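Just so you know, all these numbers are worked out from the coordinates, no wet-lab data involved. Predicted model, so just to flag it, every value in this text is computed and none were measured. Here Cβ is always computed from backbone atoms with ideal geometry, including for glycine, and neighbour counts include all displayed protein chains.
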Amino acid sequence: MNSVNPLVPQKVTLLEIAAETPEIKTLRVAGEGGAPFDFRPGQCAMLSLPPVGEALFSITSSPDCRDSLEFSIKEAGSVTRALHALSPGQELGLRGPYGNGFPVETLKGKDLLFIGGGIGLAPLRSLINYCLAHRAGYGHIDIVYGARSPADLIRRAEINKRWPAAPDTAVYLTVDAEFPEWSGHVGFVPSYVSELAFTPENRVAVTCGPPIMIKFVLKALEELKFTPDQVITTLEMRMKCGVGKCGRCNLGSKYVCKDGPVFTLAELKTLPAEY
């Protein structure tokens, strides 16, 4: 890893900002030498915009992309609103990376089932593209992704073209309700997972999305006989400092920003019932 102080923001420039949905934009940033630091899929970084503030976001680009970093950001407050209003060429602060990331070495040789909802595809995208770039190291890849409506689906070029065209990879898309322009599957993500009836043999499921979606996805996977060690999710709750010092994101003895945000279901079962 690059030798950087994760508490000190580095100056980066916004290279590109792209609207994904009416609420989500993807920002691509870089320092003078490209990506300011190395990272693992699933890790996060803090974007700052004085004097508005700063917030923690999942890095959605793959670690193999060394020239820049990407963040898919949903407008939800003053910081995200200010980030959405930026134009290419403007500068902002970046510090990180934070968290433990996905266990890419442990996943080698396994079939992988990715389950995402809405903006929850952002952290999964980093791992998906990493696995596709190192295809020989991983087994069959299934990607189940859904949103409220067709307009709320992000990364259209990847979910519709690039990922389905990848070797030994299948993509299943769904939206919550019927829309005139939608001819694909209709239904909630957890029920679609149950309908597809994935078998757990030599497979690991990785899921991210709204908490209510994760809750029912975990239930669906349990009914499909996935063991707690075969299910991985990523949490993003109340993270502020990024290094386990402020105490805002603690769950029992764990800190989401430091011990997570990636946890197995087995680990989640040991945490307090508040999540």
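Remark: the SER149-ALA165 segment gains 3.4 nm on full extension, using 0.36 nm per residue and subtracting the alpha carbon distance. Averaging the sequence gap over all C-alpha pairs within less than 8 Å and six or more residues apart, then dividing by the number of residues, gives the chain a relative contact order of 17 percent.
The modelled label-to-label distance between ASN202 and VAL186, using points 7 Å beyond Cα along the C-beta direction, is 3.8 nm. Classify region 87-241 as rounded, prolate or oblate, taking a ≥ b ≥ c as the square roots of the eigenvalues of its Cα gyration tensor: rounded when a/c is under 1.5, otherwise prolate if a/b is larger than b/c and oblate if not. Here region 87-241 falls in the rounded category. Measuring between their Cα centroids, region 182-237 and region 1-41 lie 29 Å from each other. Here the translational diffusion coefficient of the chain follows from Stokes-Einstein with Rh set to the Kirkwood radius across Cα pairs; for 4 °C and 1.567 mPa s it amounts to 68 µm²/s. Amide hydrogen proximity for TYR138: with H placed 1.01 Å from N in the peptide plane, the residues at 5 or more positions away or on another chain lying under 5 Å are GLY109. Taking 37 °C and 0.692 mPa s as conditions, region 10-98 diffuses translationally at an estimated 257 µm²/s according to Stokes-Einstein applied to its Kirkwood radius (Cα pairs). On a 0 to 90 degree scale, rounded to 10, what angle separates helix 121-133 from the longest Cα axis of the chain? Result, in degrees: 80.
Subtracting the Cα-Cα distance of GLU105 and ALA19 from 0.36 nm times their residue separation leaves 27.6 nm of extension gain.
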